[in-house]
Amino acid sequence: MNPKGRFITFEGIDGAGKSTHINCVAGLLNKAGIRCIVTREPGGTQLGEMLRELLLREDMDVATEALLMFAARREHVVQKILPALESGTWVISDRFADASYAYQGSGKGLAWEKLEALESWTLGTFQPDLTLLFDLPAEIAEKRRAAVRAPDKFEQEKADFFLRVQAGYRKRATDYPRRFRLIDSSQSVEAIQAELAQIIQPMLESVLGIKADR
Ligand code: TYD
């Protein structure tokens, strides 16, 4: 299987501001004439959204949480992501497997080896083509989280939890330098969007075989 679309994931601790920039990347793709869909995890399918409700509300054992995350992810990949990529549509996902390493792994202490086993069982070698990691000082993210009116289960975690999650994300970026790009999320929105355009440009050129409109 050699999918024709590209798979881009957005990651970062809660409050890092990734959601603001998803539409920007989708807009860049549309402008270049590339079809794309935006989706999210946990969720993205009918069953996945039902699992999201449970995952974001109910307290549960961390292994149970990881199993449900990967169950939702397997459904997401099989039902939505792979069919889109195979038809030439690009897929942007607000979080993917790296989030399980960062949150259930580094944040809550589940061994990464367990997550690797789950990942290879449910996804095989399937990986994003590009992962944009929104990174910013944890205390700024904390202030942004404090402004959320109805925080979910994860958003209610303490500051040291998010420091561990951030360290987990940075380790993933170091382990997979080919697909990760670190974005300094403390920059202005304009500066971040200019950086995103620069990152996306070579992908567009490689796919369209031409210099895309800048
Ligand atoms: P998030 O993506 O931040 O959505 P919103 O912007 O609507 O709050 O919420 C999803 C939460 O789920 C986030 O706190 C991280 C957590 N999560 C995990 O713990 N593990 C995972 O594998 C995924 C995909 C998400």
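Each reported figure results from applying straightforward, stated rules to the coordinates on display, with no laboratory input. Bear in mind the structure is a predicted one, so any value in this text is a computation, not a measurement. Virtual Cβ from ideal backbone geometry, glycine too; neighbours counted across all protein chains shown.
Could you tell me whether the stretch 133-198 comes out rounded, prolate or oblate from its Cα gyration tensor? Rule is a ≥ b ≥ c as square roots of the eigenvalues, rounded for a/c under 1.5, then prolate if a/b exceeds b/c, otherwise oblate.
oblate
So what's the net charge close to ARG52: Lys and Arg +1, Asp and Glu -1, counting the other residues with Cβ under 13 Å from its Cβ?
For residues surrounding ARG52, the net value is -3.
For the stretch 1-60, which trypsin sites (Lys or Arg not before Pro) are in a loop by DSSP, counting at most 15 other Cβ atoms within 10 Å?
Those satisfying the criteria are LYS4, ARG35.
Which trypsin sites (Lys or Arg not before Pro) does the stretch 153-209 hold that lie in a coil by DSSP with at most 12 other beta carbons within 10 Å?
LYS158, ARG178
Beyond 22 Å between alpha-carbons counts as too far, so tell me which of LYS18/LYS171; LYS80/LYS153; LYS80/LYS171 fall in that bin.
In this structure, LYS80/LYS153; LYS80/LYS171 exceed 22 Å between Cα atoms.
Near ALA72, within a Cβ-to-Cβ distance under 12 Å, what is the net charge of the other residues, with Lys and Arg +1 and Asp and Glu -1?
The answer is +1.
Treat the count of other C-beta atoms within 10 Å as a stand-in for reagent exposure and order GLU11, GLU119 from fewest to most.
GLU119, GLU11
With n ≥ 4 as the cut-off for DSSP H runs, can you work out [θ] at 222 nm for the chain, using -39500 (n - 2.57) per run divided by the number of residues, rounded to the nearest 500?
Result for the chain: -15500 deg cm²/dmol, rounded to the nearest 500.
If each residue of separation counts as 0.36 nm, what is the full-extension length gain between SER120 and GLN156 once their alpha-carbon separation is subtracted?
Taking SER120 through GLN156 to full extension adds about 9.9 nm, to one decimal.
Scattering from the C-alpha atoms of the stretch 94-213 alone, worked out with Debye: what is log10 I(q)/I(0) at q = 0.11, 0.16 1/Å?
-0.46, -0.91
Please report the orientation-averaged projected area of the chain, defined via the convex hull of its C-alpha atoms, in nm².
11.4
Where a Cα-Cα gap under 12 Å defines reach, which aspartates and glutamates qualify for LYS4, not counting those fewer than 8 residues away within the same chain?
Of all the aspartates and glutamates, those that pass the test against LYS4 - Cα under 12 Å, at least 8 places apart if same chain - are GLU86, ASP129.
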